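Working notes, structure below.
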Amino acid sequence: MAAKRTAILISGRGSNMAALIRASREDGYPAEIAGVISDRPDVEGLDLAARAGVPTRVVEKTKGVSREAHDVAIGAALAELGAELVCLAGYMRLLTPGFVAQWTGRMLNIHPSLLPLFKGLHPHRQAISAGVRIHGATVHFVTAETDSGPIVAQAAVPVLPTDSEGALASKVLEAEHRLYPFALKLVASGRAVLDGERVTFSNVAAAGSLFSPEAAASEADIESLARMTP
Ligand code: GRF
């Protein structure tokens, strides 16, 4: 099966984007990164993508342009890249329902909490103030409601009483870098499919692989993930 052409939407640092690019270069990975689109110029993620040889586009939202018109421009950039799947990776703009509808079942987002807990801004601060002992990250299909779409996979990290917001964010980010490539692999290979309000899975080795601290399906996954870690 041909690797699925996947575009990544970013607004900043791009560390999850970089993890997806690295994973896509592993033998047999079912997605290739067709391009990276940022709504902001001069962000670190754009440099990282360019250095990795991935095509980049900036689709800035200028004053006076409606959200709808901006999403139409994003859609045009996606079409130009020939994208079949879209991964939001730190894309800080709310997408319009019309745009989301066009990508139903083909657009993923990563959020740094165990959804449905701690949606929106400052999830790590929310986790610490709620006193949870386990926190983590979620990859889900995107629906019109923010951070609410059907869940593909999650990774967990322990919350220590001594963890600051920053320390917790770093631990979760490390887990995100393993989780997103894993979740995209499931979706791009057709093993995780959006089915109404749920995700259905086929040929997923072990049920536990969809939720583990390593968020990896097999020894081979863990090995290749270890190779990807800088
Ligand atoms: C990540 O924590 C991601 O979960 C959230 O925004 C952050 C983006 O970080 N949606 P990066 O740009 O991937 O480094």
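Alpha carbon centre of region 1-49 versus region 88-110: separation in Å?
The two parts, judged by their Cα centres, are 15 Å apart.
Under 22 Å Cα to Cα from residue 4, which lysines show up? Leave out anything in the same chain fewer than 8 places away.
The reachable lysines, counting only those whose Cα sits under 22 Å from residue 4, are 185.
Give the accessible surface of region 1-103 per residue, rounded to a whole number of Å², with probe radius 1.4 Å and ligands, DNA and RNA excluded.
On the way: 4840 Å² over 103 residues.
Using a 1.4 Å probe on heavy atoms only, each residue of region 1-103 averages 47 Å².
Provide the per-residue ³J(HN,Hα) series for region 147-162, in order, calculated from phi with Karplus coefficients 6.51, -1.76, 1.60 and θ = phi - 60°, each as a whole number of Hz, with x at glycine and proline positions.
6, 10, x, x, 7, 8, 7, 9, 10, 10, 9, x, 9, 8, x, 8
If the only charges are +1 at each Lys and Arg Cβ and -1 at each Asp and Glu Cβ, what is the size of the charge dipole of the chain around the Cα centre, to the nearest 20 debye?
The dipole magnitude comes to about 200 debye.
So what is the calculated 222 nm ellipticity per residue for the chain, using -39500 (n - 2.57) for each DSSP H run with n of 4 or more, over all residues, to the nearest 500 deg cm²/dmol?
That calculation yields -11000 deg cm²/dmol at 222 nm.
Apply the a/c threshold of 1.5 to the C-alpha gyration tensor of region 1-103 and tell me whether it is rounded, prolate or oblate. Can you show the working numbers first?
Working: a/c = 2.19, a/b = 1.41, b/c = 1.56.
Here region 1-103 falls in the oblate category.
Using the eigenvalues of the Cα gyration tensor, what equivalent ellipsoid semi-axes result for the chain when each is taken as the square root of five times the eigenvalue, whole Å, largest first? Walk me through the numbers before you get to the answer.
Numbers: eigenvalues 128, 90, 64 Å².
Working through the eigenvalues yields semi-axes of 25, 21, 18 Å.
Pulled fully out, how much extra length does the chain show between residue 47 and residue 13, if you take 0.36 nm times their separation in residues and subtract their Cα-Cα distance?
11.3 nm
Would you list which lysines come within 20 Å of residue 119, measuring only between C-alpha atoms, while excluding same-chain residues fewer than 8 positions from it?
Counting by Cα, and skipping residues close in sequence, residue 119 has these lysines nearby: 171.
Stick to Cα atoms and the Kirkwood definition of Rh, then tell me Rg/Rh for region 77-180.
Rg/Rh: 1.01.
With a 10 Å cut-off between alpha carbons and a GNM built on the chain, which of 155, 52, 83 moves the most?
52
Using 0.36 nm per residue, how much length does the chain from residue 32 to residue 146 gain when fully extended, once their Cα-Cα distance is taken away?
Working: separation 114, 0.36 × 114 = 41.04 nm, distance 2.61 nm.
This chain segment gains 38.4 nm when fully extended.
Tell me the carbon and sulfur percent of the accessible area for the chain, rounded to whole percent, probe radius 1.4 Å.
Answer for the chain: carbon and sulfur cover 55 percent of the accessible area.
The values are calculated or read from the model by the stated rules, or taken from the named source; none is laboratory data. Computed from a predicted model, the values in this text were never measured in an experiment. In this analysis, Cβ positions are derived from the backbone assuming ideal geometry, glycine residues included, and neighbour counts consider all displayed protein chains. SASA here: full protein model, heavy atoms, side chains in, ligands and nucleic acids out. Shrake-Rupley method; radii C 1.70, N 1.55, O 1.52, S 1.80 Å.
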